[in-house]
Amino acid sequence: MTTSITIGSGAGFAGDRFDAAVPVVNTLVGLTGPRYLIYEVMGERTLAIAQKLKRENPQAGYSPWLENYLPEVLKTCMDHQIRIVANFGNANPQAAAQRTLAIAAELGIKGMRVAIVLGDDLLEYTDASLLLKAAPIEGTELLADAHEIHAANAYLGAQPVADALALGADVVLVGRTTDAALVLGPLLHEFQWAADDYDKLACGTVAGHLLECGGQVTGGYFADPGFKEVPDLHQLGFPIVEVDRHGVIVVGKAEGTGGIVSRATVTEQLLYEVHDPVAYLTPDVTVDITRVELEEVEPNRIRVTGPKGSPPPATLKVTVSVDGGWLAEAEISYAGINALRRAELAASTVQQRLQLLSINEPCRIELLGTGAVHDNDQSQRFKQSNAAANFSMNGEFRVRVAIRSRSKVTAQRVADEVLALYCCGPAGGGGVRQSVTEQVSTASVLIDRQLIEQHVRALEVFA
Amino acid sequence: MSRLTPLHAIAHSRSGDKGNRSNISVIAYRPSAYPILLDQLTCEKVYSVFKHKHVTAVARYELPRLSALNFVLDNALEGGVNDGLCVDGHGKTLSSLLLGIELLIPEAEIDEDYPYYP
């Protein structure tokens, strides 16, 4: 009987370090028992963009990051029975699986089996009317105005991931599931926890929540020099958790790496993106995180116990993506003597240009270097402060202009107004950068889980 | 003896986003400092720090076993990562704004060489 399983993280977001999984896999190779490697690379925006790509090309719409991550470790994982669970599927798990099989063939790997989970994509089996009637969480005013819904994907739970593993897959690729399902799925598969054994499901969900952001639990996104020190961020060790049959979790990290696992790093990640910690809602279980206790069992190993579970909601969260217009962003720098006053003049000049051009979309014009990220859309804190007392008049400031418009032409025009400051603005402006990008807006609704789960299935994909 | 000191001297913090809502955890380095958070880091106090961001509601959740508080700020992100115009659409930097808040902290809870007194 399996007494504990080990799960490592290879990536916590799309764009995470490509080689972070290598020491994780090398550590897993030295262990025994069931071992898994997960990759979490999906965001709400990625999914909407992927749906668009898939409509243009039926072979596209999966995560292109797969190419960066998998070849590094696939052969070693296969040689040592380390199974991979990842959400490289995005809008097209089928195509992701075929590409993964092709990569395996290129690497000379024989006999690898890949399974996928389908059913998260509501547009495959329903239409907008269901979404418009659904209970809103937020952003639903967008749906009434949208002429096209680009994506509507439900956050599935861990059971279909376990089902895919039960098919015998070496690699399981999903689209939209909860991030924690990438970890709870293997635990359900190995331990055969009952669907109403809520305390254990809560433990598995907490293990997933701690792993899902990769290095954010092992000292990434943590260092505050002089106060919170983290060794060797340049070779941050990614997390490896052991979970036993009773749901006791020990968080550690890859051998021979930097980073740190402490009560403090684990607490920060435990509460990351959590709202009410008494009732953390997932499709599998409602988790009471306030019951969690953390204990350092040895340096860089933290034992996590105590999460309590109760039944999950009767609905699933569905993220709906619609056209978000165009975002223009442009910046120009001023530095040195009298820089702050020159940067302020540049900002007000752009403001006046937009008025002249009758561009009325909400626009944010700010001075990076004056606490702009902490300020509001009107730079109110900066304007009400005594600038001369708070900032060096002779410092370095970067004027940033951002606007969103339904019209690409208008968005580009605003970016070009910043460019024009080169010759028409204050003295000594330099380093203009601009970008105009298509945007996706999202809304979240709740839908009766039975309407969705009847369509959810795990299946093996063949080359 | 207590003195006005940034929250940063006794706690650490991380912020996350879901839609247009931000959550900011505040975690005491030492359990002995947790009561200071409970007493002084009220919803009203946190609201005063983020009011200019057009926040409409602040909720506070207590995690005594972890010596931590979790704040949830509604409408804190100018529409959120997909719709906002702030360069930090996720509000990732908001934890540092909160850590700058000044509390009346007993000197026994503050490291002798803490450098950032007001």
* Apply the Debye scattering formula to region A:121-163, with a single equal point scatterer on each alpha-carbon and no solvent, then give log10 I(q)/I(0) at q = 0.20 Å⁻¹. => -0.72
* Structure fact -> Normalised Cα Rg of chain A, dividing by 2.2 N^0.38 Å with N its residue count, works out at 1.08
* What are the chymotrypsin sites (Phe, Trp or Tyr not before Pro) within region A:86-180 that DSSP puts in a loop, where the Cβ has at most 13 other Cβ atoms within 10 Å? -> A:Tyr125
* Considering only A:Tyr36, A:Leu367, A:Asn300, whose Cα is most displaced toward the positive end of the charge dipole of chain A, charges sitting on Cβ of Lys, Arg (+1) and Asp, Glu (-1)? -> A:Leu367
* Compactness relative to 2.2 N^0.38 Å, alpha carbon Rg of region A:46-151 -> 1.33
* To do: Excluding residues fewer than 8 places away in the same chain, name every one of the aspartates and glutamates whose C-alpha is closer than 13 Å to that of A:Lys133.
  => A:Glu141, A:Asp448
* Residue farthest toward the positive end of the dipole of the protein assembly as shown, with Cβ of Lys/Arg at +1 and Asp/Glu at -1: which of A:Ala207, A:Gly61, A:Leu354? -> A:Leu354
* Mind checking which lysines have their C-alpha under 17 Å from A:Lys75, skipping anything on the same chain fewer than 8 residues away? -> A:Lys110
* Structure fact -> Taking only the Cα positions of region A:323-440, the convex hull volume per residue in Å³ is 91
* Can you give the accessible area of A:Cys424, probe radius 1.4 Å, in Å² rounded to 10? -> 110
* Asked: What would the Debye formula give as log10 I(q)/I(0) at q = 0.22, 0.23, 0.29 Å⁻¹ for the alpha-carbon point model of region A:31-86, no solvent?
  -> -0.87, -0.91, -1.13
* Dipole magnitude (debye, nearest 20) for region B:2-109, charges at Cβ of Lys, Arg, Asp, Glu -> 160
* **Hull volume in cubic angstrom per residue (convex hull over the Cα atoms of chain B)** => 96
* Length-normalised contact order for chain A - Cα pairs under 8 Å, 6+ apart - percent -> 18
* Asked: Across peptide B:90-102, how many C-beta atoms of other chains are within 10 Å of each residue C-beta, on average?
  -> 2
* To do: Distance check, please: which entries in B:Lys18/B:Lys53; A:Lys200/A:Lys253; A:Lys54/A:Lys317; A:Lys383/B:Lys51 exceed 27 angstrom between their Cα atoms?
  => none
* Would you tell me the accessible area of A:Thr2, worked out with a 1.4 angstrom probe on the heavy atoms of the protein chains, in Å² to the nearest 10? => 40
* Asked: Once amide H atoms are built 1.01 Å from N in the peptide plane, which residues 5 or more positions from A:Val85, or in another chain, come under 5 Å H to H?
  -> A:Leu37, A:Ile38, A:Tyr39, A:Val172
* **Under the span-like rule (Cα at least 18 Å along the axis, Kyte-Doolittle mean at least -1.0), DSSP H helices of chain A** => A:44-56, A:66-79, A:93-106, A:198-211, A:339-356
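The values are calculated or read from the model by the stated rules, or taken from the named source; none is laboratory data. Just so it is clear, the model here is predicted, and its values are computed rather than measured. Methodologically, a virtual Cβ is constructed for each residue, glycine included, from the backbone with ideal geometry; neighbour enumeration extends over all protein chains shown. Note: areas computed on protein heavy atoms with side chains; ligands, DNA, RNA excluded. Shrake-Rupley method; radii C 1.70, N 1.55, O 1.52, S 1.80 Å.
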